[in-house]
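Each reported figure results from applying straightforward, stated rules to the coordinates on display, with no laboratory input. It should be emphasised that the depicted structure is a prediction, and the values quoted were computed from it without experimental measurement. Positions of Cβ are backbone-derived with ideal geometry, glycine not excepted, and every protein chain shown enters the neighbour counts.
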Amino acid sequence: MTILDRIVADKRAEVARAEAMTPAAELRARVADMPWTARGFEKRLSRPGPGGVNIIAEVKRASPSKGDICPGLDAAACARQYEAGGAAAVSVLTDGPYFKGSLADLQQVREAVSLPVLRKEFIISPYQLYEARAAGADAVLLIVRILSAPQLAELLDLSRHLGMDALVEIHSPEDYAAAHVVGSRLIGINNRNLATFDTNLATATGLAALMAPGETAVAASGINNRGDIERTLQGGVFNFLIGESLVRATDRVAFLRTLIHGHPQKAT
């Protein structure tokens, strides 16, 4: 069993426990009564921003491959630093057992900043989409590798019905074909193989070359500096999801500005 297999198995049990505590009908009713103004995650990433790039800056405390990264991270304070540094959006890891995140982190981030917020999670059930919407997510991550074709189509349709965008994650040409056939518009290309956790930056540019007009690519994993961004830009990808290197930075605002502009540009 791979790490990904273990995560998905644990996630099924976690979702079952959550639904036992708060039934799906109750959660759906709560969402229906909530005021909502989506912040346009997909729209924000549809064209290059300052410096020719958009960065989705990630709130991340730990990972299965690296262990603790910043276990005491204050999610809201970190997100405010990202907004000050020029991030286009914020990604919040909400998995607890493997990444030390939570839905409470997502709620706090959405209250702390005006940027679009992505729920980054191993989503396998419609229930999790209602959770995301209730917590204030503007977008959700759907990972092709852990979903059947019918599941992917169902979850993509439901996310749109709930007013959220979907970042559909791929790692191979086969994944891309599955994302394309269901009409995914925003496609995250993970440079990391989730079965082995090996990382190759060429994955993003190779798969971006397959994409059809109207589809927007987001490169994720293994992007640590402006040089990594510039190499990926040459392949036509201008959106980047960056977590570990940002979280570890001594000055997150300055480092983010360096990633965007090539130097730590001062705020205007």
Which of the listed residues, 118, 106, 238, is farthest toward the dipole's positive end in the chain, when Lys, Arg count +1 and Asp, Glu count -1 at the beta-carbon? 238
Set of lysines near residue 11 by C-alpha distance (under 29 Å), chain-local residues within fewer than 8 positions excluded: 60, 66, 100, 120
Averaging over all projection directions, find the projected area of the Cα convex hull of the range 1-61 and quote it in nm² with one decimal place. 7.6 nm²
Mind computing the radius of gyration and Dmax over the alpha-carbon atoms of the range 1-110? Å is fine for both. 16.5, 47
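Quick one: net charge of residue 135's neighbours, Cβ under 12 Å, K/R +1, D/E -1? Before the final figure, lay out the partial values.
Values: positive: 30, 110, 119, 133; negative: 105, 111, 121, 131, 138.
Every neighbour counted, the sum reads -1.
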Ratio for the range 114-268, C-alpha Rg to 2.2 N^0.38 Å, reads 1.07
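At a threshold of 8 angstrom on Cα-Cα distance, excluding pairs fewer than six apart, so keeping six or more, what relative contact order does the chain reach in percent? Working shown, then result.
Numbers: 500 pairs, mean separation 54.3, N = 268.
Relative contact order here is 20 percent.
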Antiparallel %, DSSP beta bridges [both residues in the chain], to 5: 10 percent
For the range 188-268, just list the percent of Cα-Cα distances falling in each 10 Å bin from zero outward, please. 18, 47, 28, 7, 0
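Give the Kirkwood hydrodynamic radius (Å, one decimal) of the chain, defined as one over the mean of 1/r across all pairs of different Cα atoms. Intermediate results must be reported in sequence, preceding the final value.
Numbers: mean 1/r = 0.0542 Å⁻¹.
In the chain this quantity evaluates to 18.4 Å.
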Over 15 Å [Cα-Cα, the range 114-181], rounded percent: 45 percent
How many angstrom lie between the C-alpha centres of the range 37-107 and the range 167-189? 21 Å
Quick check: Cα centre of the range 143-166 to Cα centre of the range 13-28, how many Å? 19 Å
